[in-house]
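Written out below as structure tokens is the structure these notes cover.
The values are calculated or read from the model by the stated rules, or taken from the named source; none is laboratory data. None of these values were measured; they are calculated from a predicted model. Cβ placement follows ideal geometry from the backbone for every residue including glycine, while neighbour counts extend to all protein chains displayed.
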Amino acid sequence: MLENNNLKICRKLVRREFQFHKARSILLMGAIALVSMLCTFSFSLGFVIRDGLMYGHRIQYGSLSHILYYGLNDSQASALARHGDVKNTVSLRAVGVLSDDVMEYRSVKLAAVSPDWAEATEAVPVHGRMPQADDEIALDELTMQSLAIPPKEGEEVVLRWTPVDGGAERTDTFRLCGWWDSGMGATETCAWITQATARRLCPDAPDSVTLGVTLYRPGDLEAQAKELLYSLGIDGVTYTTNLAYNNARLRRIGTQSMPYYMINIVVAVCGILMVYSIVRISAGRNVRFYGRIKSLGMSPRQIARFMSQQAAYLCLPAVPVGWLLGFGLCIWVSPHVLLGMERHNPALLYFSPLPFVFSGLLTWLVTWAACVMSVRPVSELCPAEAMRFGNDSRMRCKNRQAGRRGRRRRTEISLMALSGFRREKGRTVLSACSLLLALVLLCILWTQYVSADEEKYVKAFSYSDYLIADASAATGLQRYNPWSCSITPEFMEALRRREEVTDVGTIRTMEVPMSADEEERAQAVAFYEGREQDGTVRKETMSGLPDWGTGYEKFRETGEYIGIAVGVDGLALSKALEDSGYAGGAFDAERFDTGKYVVAAGASSTSGISTLPVGSRVEIGGRSFEIMASVSHQSRLVTGSDSREAEFSLSYYMPAWVYEQLFPDSGIRNVTVNIDHNSQKEFEEFLCELTRDSGIQVTMRSDFQKNFRNALLHNYMIPLFVGGVLLLIGMLNYGNALVSSMLVRGKELAVYESLGMTRSQIRRMLVWEGILYGGVQIFIIVPVTSGLTWLWGRWWIAHSASAWCATWRYSLLPMWVALPVLAAAAYVIPQCCFRILMKESVMERLCAV
Amino acid sequence: MDIITVRNLKKCYGSGERQVRALDGVELTVSKGEFVSVMGASGSGKTTLLNMMGGLDMPDEGEVYVDGVNLSGLRESELAVFRRRKVGFVFQEYNLVPTLTVEENILFPLDLDGSAPEQGFLEEVVSLLGLEERMQSYPHTLSGGQKQRVAIARALAAKPPVILADEPTGSLDSRSGQNVAGLLKMAAEHYHRTLVMVTHNRELAQLADRVVYMENGKIGK
Ligand SMILES: Nc1ncnc2c1ncn2[C@@H]1O[C@H](COP(=O)(O)OP(=O)(O)OP(=O)(O)O)[C@@H](O)[C@H]1O
Ligand SMILES: [Mg+2]
């Protein structure tokens, strides 16, 4: 027989279905909007996180280009630019490299302005502009801070640099015309001058271009980079590829953003359950409806179409609402998940339409699956059976009982309620289980969340409330410049005058060449030639640092080494002396203050230390000191880096006033400050004001607090979110089971009524049923949830590594919030159902099709 | 020529002690153009038999041939087409689609098939059944008798070769009942349709060419 399926009829049926069951449809749309919101949120967040991590890797690489080729000549560069796989290129022609000592950890090229290159490496002046006049220069902030150049237009800039044409190092003077935040250029960036200046400074610059290449398809960059050179027959050119596109990194990014996509599985499953539990209320009616249209000749294809259109019809208004809400949530949350992006909201910066497409599809699927699930019997039953579906037999035998019981008094009403409640045992258990699952999860997470201890966390990360760093020691990529002096005596004066300041410490350092005789260096040599517990020779573990190796060998053979004179006082001194493993000699504050003694610091283990022995004499800055004690070197004492030469070095702590006498012109490297925490806000405002535009780096107590809160959010947001969704679903299930157990009995209640039961008796019966239903579940939930939470929490505090900054606080807040809602619902829902049921007359309900 | 052949049809509902033999070896043939009345006590299996002939239920044993086709050999989609083109079913409980108007209900089987109704014939049926005034109403606003008449109009609209009517006059007064039965008979004769009608009314049954009696799931004498 020829099938002739008119599919248009489906649309009409869908529309009518909607008109006839408005309340239910709107409820469904609400649930669907919720699903769509959750999907949009987690997809968007996953995307934002992925893009944010990618951006982080690109910052590390220092360029947005996929491949960088070095040392090309002009014809090679233009050949590459014309290649079919290449989307676009940016090129740089450097005339030299800044060669000041303090620049040794970074590579800053002196180059003629290349706007494309500047764009691709985010080296575009944010303040001021690119150079236009002959002696103008634009720099990045890190370079300016290292060289102690104040951020002011027109400021004089004296640069030591080495030309690329092989000439000797030279010094030139420029005027500052613009600067930018170093962001992407932490390790490598440019100092921009005009074309004319570049030609003047380095007229014989070789034909050498650095080319940044962006490809159409950024996959397997190593292979593509090689293939490009091979296909053009270019030889002997070096290149690097962008780490952000490295396969292993991409995979890692994938795994890092995976949890956010994974939420969607939970959302989908919960969503199906939620939508299903709403649709299920009228499942019987729906099955009969499908049986009816099937008996009139609706084909399976038409029925399938009908269902999918129904899902689409429900999704159409609900999904956009979910999109908006979900994306809004993402905008709100993403800055807390992707740190260090204060300027732009990551959700807006990395906006992509894909999450919306995905969430739309997923939501539709969820709706469709729930609709299909609810009418599953249709496909298994013959139309004749489907049409009778749900007019179940158990009702018939109830009728008789109702007849006998209807006229009795109150106690019997509660008995009837009990039997009604018993009939819904399955649903009650299901609802209690889903509620339990959600509440136990939430309470456990909540207890962990409130147990997290900010004080413990902050203490673990910083020994003082504030750590202030000289501009040239703001990051580890900068070599500390003792002459930068951005922390001025006036600054210290202002700081000390603040009332809330309880403790101040300063640290000054200076690298000085020193030497030790054979006897004196024996202890240190023995330490490094000795073996660690696992059997490896200690000096071998340092093989990753070639400069250290050179320094050590020199020390071992000749006794010459770099000593670091450290002038410390206050808080910093106590940190420096903090016990950590081995200590030799004894520290005596009074003798230390005489200025005749120093404390030696070096690498240590439980059995040895790399310093000269206690009692040896050392000469620093022309003055002789006796080593009073030796302690383990505290790496977190100072910020910034020492020179490469000082990779192998020994530190000598001396009182600040002695240091000042020895090196009167050197600046302060770090200042540590403790304050009265009650005035934290005022003090931070004061500090911000004091350090504005000075390049001074302040690590604030509030930074750690912010980190702590963000870490907390990062750790608990997703689980709490999932728990919240589960609870919501559990609550909906709870309400739904109650509603549907009552609404499907319209006919049964009509029978009771027609047999003489009064309305108030019916109402009482329903309310009793609700109270029983809610009471039993609450009775189970309270002890189980509190018990499990307590057990798990104690175990977690005692054994989990993630509890290192936690103090046990037992809280069942989520449960205390949920319980009143559950109790109220158990009382209110039956009343509402009663009202709805009683709207129709007895006859209408008895005859209901 | 036989259009419906029912052979050794058996159907049980339930299991164990509560098992009910709704059909217990029914044998029946209906020739093309014939008008057969089915009578029998309540619960004797009349509706079950009609359902089997309309492809709405599957027998446990035995076969049903309609127009030479074995119904148990059809796939779901073929059954759907069979239901909408080959038979017009008047259900004992009307089975109107609640979300469609009377007119849409009547045209539903045609709409499913994507074919157009024969206008003249349709108007004639509608006016004979006295439904002109209620064409735009929804089923829940109709009386039992009106619903029954809509169900009859729906069964006739697609001009199917076989009409199966399960107590089509159960909710009508005896006068309307006579009219409706007359209409069915006329339609059957006029358009050469086959008509199987279940009824409890002896008078109406006499309109048929043949009356069969059912008893405990069997065709009696
Ligand atoms: N789905 C079912 N489940 C259980 N028993 C059924 C089912 N459908 C029908 N029956 C039983 O099968 C027997 C035949 O039912 P059927 O509906 O065919 O009777 P009927 O002759 O049409 O009666 P009536 O004149 O009252 O309509 C009855 O005993 C009925 O109880
Ligand atoms: Mg019957």
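Every residue, every condition in (1) away from every other protein chain (no Cβ under 14 Å); (2) in contact (Cβ under 8 Å) with a residue 12 or more places away in the chain; (3) within 11 Å of B:Val38 (Cβ to Cβ); (4) within 16 Å of ligand 2 (Cβ to nearest atom), yes or no:
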position: B:Asp166; (1), (2), (3), (4): no, yes, yes, yes
position: B:Thr169; (1), (2), (3), (4): yes, yes, no, yes
position: B:Gly182; (1), (2), (3), (4): yes, yes, no, no
position: B:Thr199; (1), (2), (3), (4): yes, yes, yes, yes
position: B:Asn216; (1), (2), (3), (4): yes, yes, no, yes
Return the residues of segment A:299-331 that are surrounded by fewer than 18 Cβ atoms within 10 Å (Cβ to Cβ) and more than 29 Å from B:Phe108 (Cα to Cα); say none if nothing qualifies.
A:Pro320, A:Val321, A:Leu324, A:Leu325, A:Gly328, A:Ile331
Members of segment B:48-74 found to be surrounded by fewer than 21 Cβ atoms within 10 Å (Cβ to Cβ) and within 9 Å of chain A (Cβ to nearest Cβ), listed by number:
B:Met58, B:Val69, B:Leu74
Is it fair to say A:Arg50 is outside any strand (DSSP E or B) and in contact with a Ser or Thr (Cβ under 8 Å, 6 or more places away or on another chain)?
yes
Of all residues in segment A:633-663 being at pLDDT 90 or above and part of a helix (DSSP H, G or I), which is surrounded by the fewest Cβ atoms within 10 Å (Cβ to Cβ)?
A:Trp657
Inside segment A:588-628, can you point out the residues that are within 44 Å of the chain's Cα centre (by Cα) and surrounded by 18 or more Cβ atoms within 10 Å (Cβ to Cβ)?
A:Val599, A:Ala600, A:Ala601, A:Gly602, A:Ala603, A:Ser604, A:Gly608, A:Ile609, A:Ser610, A:Thr611
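Out of A:Ala123, A:Ala118, which single residue is assigned to a helix (DSSP H, G or I) and either among the polar types (S, T, N, Q) or at pLDDT below 90 (or both)? Please lay out each step first, then the result.
On the way: A:Ala123 fails: assigned to a helix (DSSP H, G or I).
Testing whether each residue is assigned to a helix (DSSP H, G or I) and either among the polar types (S, T, N, Q) or at pLDDT below 90 (or both) leaves just A:Ala118.
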Quickly run through segment B:97-136 and pick out the residues that are within 24 Å of A:Met387 (Cβ to Cβ) and more than 14 Å from chain A (Cβ to nearest Cβ).
B:Leu129, B:Leu131, B:Arg134
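For every residue, the table says whether it meets (1) surrounded by 22 or more Cβ atoms within 10 Å (Cβ to Cβ); (2) acidic (Asp, Glu); (3) outside any helix (DSSP H, G or I).
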site	(1), (2), (3)
A:Leu80	yes, no, no
A:Val90	yes, no, yes
A:Gly96	yes, no, yes
A:Val102	yes, no, no
A:Tyr105	no, no, yes
A:Ala111	yes, no, yes
Report the residue count in segment B:22-67 for those that are out of contact with any strand residue (DSSP E or B) (no Cβ under 8 Å at 6 or more places or on another chain) and within 10 Å of ligand 2 (Cβ to nearest atom).
3
Just wondering, is there one or more residues in segment A:686-708 that are within 30 Å of A:Ala438 (Cβ to Cβ), assigned to a helix (DSSP H, G or I) and at pLDDT 85 or above?
yes
Which of (1) under 30 Å from A:Asn5 (Cα atoms); (2) among the acidic types (Asp, Glu); (3) at pLDDT 90 or above does B:Glu76 not meet, given it meets every other one?
(3)
Need pairs with beta-carbon distance below 8 Å; first residue assigned by TED's automatic domain parsing to the domain that holds A:Val568 and aromatic (Phe, Trp, Tyr) and within segment A:583-604, second assigned to a helix (DSSP H, G or I) and surrounded by 13 or more Cβ atoms within 10 Å (Cβ to Cβ); sequence gap 6+ or separate chains.
A:Tyr597/A:Arg591
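How many of the residues in segment A:530-579 are among the polar types (S, T, N, Q) and either in a loop (DSSP other than H, G, I, E, B) or surrounded by 16 or more Cβ atoms within 10 Å (Cβ to Cβ) (or both)? Before the answer, list the steps.
If we filter segment A:530-579 for residues that are among the polar types (S, T, N, Q), which is where we start, we get A:533, A:536, A:541, A:543, A:550, A:558, A:574.
Next cut, either in a loop (DSSP other than H, G, I, E, B) or surrounded by 16 or more Cβ atoms within 10 Å (Cβ to Cβ) (or both) only: A:533, A:536, A:543.
Here the count works out to 3.
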Picked from segment B:99-127 (must be of a type in the set (Val, Ile, Thr) and under 13 Å from B:Ala153 (Cβ atoms)), the residue farthest from the chain's Cα centre (by Cα) is B:Thr101
Every residue in segment B:75-96 that is facing chain A (nearest Cβ under 9 Å), aliphatic (A, V, I, L, M) and under 11 Å from B:Ala151 (Cα atoms), please.
B:Leu96
Where A:Ser65 falls short, out of the listed (1) closer than 30 Å to A:Arg644 by Cβ; (2) outside any loop (DSSP other than H, G, I, E, B):
(2)
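Return a yes/no flag: does segment A:664-675 have any residue that is in contact (Cβ under 8 Å) with a residue 24 or more places away in the chain and assigned to a helix (DSSP H, G or I).
Here is the first cut: in segment A:664-675, the ones in contact (Cβ under 8 Å) with a residue 24 or more places away in the chain are A:665-675.
Pick out the ones that are also assigned to a helix (DSSP H, G or I) and you get none.
Within segment A:664-675, none of the residues are in contact (Cβ under 8 Å) with a residue 24 or more places away in the chain and assigned to a helix (DSSP H, G or I).
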Assigned to a helix (DSSP H, G or I) and more than 9 Å from ligand 1 (Cβ to nearest atom): does that describe B:Glu63?
no
Give me the pairs, please: first residue somewhere in segment B:72-94 and small (Gly, Ala, Ser), second residue anywhere and within 16 Å of ligand 1 (Cβ to nearest atom), beta-carbon distance under 7 Å, and either six or more positions apart or on two chains.
B:Ser72/B:Met58
Working only within segment B:108-117, note down all residues that are among the aliphatic types (A, V, I, L, M) and touching a Leu at 6+ places or on another chain (Cβ under 8 Å).
B:Leu112, B:Ala116
Selection from segment A:318-372 of residues that are on the phi > 0 side of the Ramachandran plot and aliphatic (A, V, I, L, M)
none
Being within 24 Å of the chain's Cα centre (by Cα), of a type in the set (Val, Ile, Thr) and within 21 Å of A:Asp703 (Cα to Cα) narrows it down to one of A:Val458, A:Val501, so name that one.
A:Val458
Segment B:35-53: number of residues that are more than 17 Å from A:Pro383 (Cα to Cα), more than 9 Å from ligand 1 (Cβ to nearest atom) and out of contact with any Ser or Thr (no Cβ under 7 Å at 6 or more places or on another chain)
2
Tell me, yes or no, whether segment A:259-266 has at least one residue that is buried (at least 20 other Cβ atoms within 10 Å of the Cβ), aromatic (Phe, Trp, Tyr) and under 20 Å from A:Ser63 (Cβ atoms).
no
Matching residues, segment B:14-34, being in a strand (DSSP E or B) and either within 13 Å of ligand 1 (Cβ to nearest atom) or under 27 Å from B:Lys185 (Cα atoms) (or both):
B:Val20, B:Arg21, B:Ala22, B:Leu23, B:Asp24, B:Val26, B:Glu27, B:Leu28, B:Thr29, B:Val30, B:Ser31
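I'd like to know if segment A:10-25 contains one or more residues that are hydroxyl-bearing (Ser, Thr, Tyr), in a helix (DSSP H, G or I), touching a residue at least 40 places away in the same chain (Cβ under 8 Å) and within 14 Å of chain B (Cβ to nearest Cβ). Let's see the steps before the verdict.
Just the residues of segment A:10-25 that are hydroxyl-bearing (Ser, Thr, Tyr), to begin with: A:25.
So of that shortlist, the ones also in a helix (DSSP H, G or I) come out as A:25.
When the remaining residues are screened for being touching a residue at least 40 places away in the same chain (Cβ under 8 Å), the result is A:25.
Cutting the leftovers down to within 14 Å of chain B (Cβ to nearest Cβ) gives us A:25.
Yes, segment A:10-25 has at least one match.
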For A:Ser352, which of the numbered conditions (1) touching a residue at least 12 places away in the same chain (Cβ under 8 Å); (2) outside any loop (DSSP other than H, G, I, E, B) fails to hold?
(2)
If A:Met307 satisfies all but one of (1) assigned to a helix (DSSP H, G or I); (2) within 14 Å of another protein chain (Cβ to nearest Cβ), what's the number of the condition it fails?
(2)
